[in-house]
Amino acid sequence: MFETILIQLGAFSVNVSISAAQLFLALLIIFSAVKLYKTKDFSPITSWHTKFFILMVITETISAFAGTNIQKSLSEVPSIWTYMYLYSCLILFNGANLNRVLYAFFAGSILNAISGVYDVFAAGFDRAIGFYTHALTYGNAAAVVFICALGLLIFVKTQPPKLRILTAAAVLMSGFALLLSVSRGPMLYASATAALMFIYQYKMKAAAAVTCIAMIIAVIIYFDDPLRERIFTDRGGKDTASSVGTRMVLWETAIKAIAERPVLGFGKGNFTQYVKDNVKVPLSSTAHAHNSYLHYTFNNGLLGLVFLLGFLISLFRFIHRRSKEYPPAKAALFVFIVFLMEGLTENNFGDSEVVMLTMLLIAVLTAPAALYKNL
């Protein structure tokens, strides 16, 4: 029971406080280690995605020693621990109290959405950030919450009335928060994933409806000049300093760097310095490559990329198999899909706020419960 309470607190805090979320993660790791020691049941961590995750940790550590700044890289290797929300919850959670965890999670997400509304309409911010560090992180997280809530409404037919109302509220609020973040990538990926969900569930009827909606939206954008300008006008300056321009330069730079050190990469934490030394045009950001796959390869080389892809593919297969027998896992499948899409234009694999939120959701929605009547 106490373990479920910890997961509930983690589910609430991943939406509102990175420090609190990490605190509860530390407690969950301790409790999961104790449970493994007492029960000697290691089945929750014998999967292929666990093995690839361990290889990722080993490779990141080796890459730190082989990189260009050992001290800096070693200090950043432990950041991968936020993925442990997946494993600690898989070990501790049996799905018996999924409704309680979802109550806590959606309550936190709605509070975060309200904070974003305050940012824009009261504090005068141009873009909502809620309790997060910046608007793009806020948009990525809102997209994950939106897909989770929408997926539960579509795939899980049996829910207590209060939870169904809260889930519907989370769909509306997280969708509104996503719009307020003005993050075009997350909005695009959330829309595409939602369309895939409807087609997956309702087949050709949904495909026809999605096509019609897409055409209507395209017509509206075409005839609405202010809306079209807001969507397609690049932010952050002109040319290389713009949002798209910066990404193009950083992607090209990351590919060039990978070719220089293809096996083990540069180690974590060295991308900004590499850009500073090799790029002479103005950029709006140099913190990372704005692509999770390229940035991870820059850090850990092609060897690291192989293990990352092994982790992602095996975890996807795990969720997909579970979704065939447990309806909440269908929502987890599309949560993971939108998370993977976000990695195309952002370093969300290394963003602890988005990682913790996503990994917790995947774990609790794929819990080993045989039934979901508690929903």
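Pairs are defined by a Cβ separation below 9 Å, a sequence spacing of at least 6 or placement on different chains, a first member in region 326-351 that is surrounded by 24 or more Cβ atoms within 10 Å (Cβ to Cβ) and part of a helix (DSSP H, G or I), and a second member that is at pLDDT 95 or above and among the acidic types (Asp, Glu); the pairs so defined are Asn348/Glu342.
Among the residues making up region 288-318, those that are closer than 22 Å to Thr272 by Cα, more than 17 Å from the chain's Cα centre (by Cα) and in contact (Cβ under 8 Å) with a residue 24 or more places away in the chain are Thr297, Phe298, Asn299, Asn300, Gly301, Leu302, Leu303, Gly304. For the criterion of being surrounded by fewer than 24 Cβ atoms within 10 Å (Cβ to Cβ), touching a residue at least 12 places away in the same chain (Cβ under 8 Å), in a helix (DSSP H, G or I) and not aromatic (Phe, Trp, Tyr), Ile154 passes.
Scanning region 266-287 for residues that are within 14 Å of Gly67 (Cα to Cα) and either under 18 Å from the mean Cα position of the chain (by Cα) or crowded, with 18+ Cβ neighbours inside 10 Å (or both) yields a total of 7. Per the conditions (1) in contact (Cβ under 8 Å) with a residue 60 or more places away in the chain; (2) among the aliphatic types (A, V, I, L, M); (3) buried (at least 21 other Cβ atoms within 10 Å of the Cβ), the sole criterion not satisfied by Ala142 is (1).
Of the set (1) more than 22 Å from Leu27 (Cα to Cα); (2) among the β-branched types (Val, Ile, Thr); (3) buried (at least 23 other Cβ atoms within 10 Å of the Cβ), all apply to Val101 but (1).
Criterion applied to Phe307, Phe316, Phe298 was being hydrophobic (A, V, I, L, M, F, W, C), buried (at least 23 other Cβ atoms within 10 Å of the Cβ) and either at pLDDT 95 or above or under 21 Å from Ser47 (Cβ atoms) (or both), and the one residue passing it is Phe298. Checked against the criterion of being surrounded by fewer than 17 Cβ atoms within 10 Å (Cβ to Cβ), free of Cβ contacts under 8 Å to residues at least 24 places away in the same chain, within 26 Å of Thr233 (Cα to Cα) and not hydroxyl-bearing (Ser, Thr, Tyr), the candidates Leu172, Leu179 yield just one match: Leu179.
The values are calculated or read from the model by the stated rules, or taken from the named source; none is laboratory data. Note that the structure is predicted; figures quoted are calculated from it, not measured. Glycine also receives a Cβ, built like all others from the backbone with ideal geometry; neighbour counts cover every protein chain displayed.
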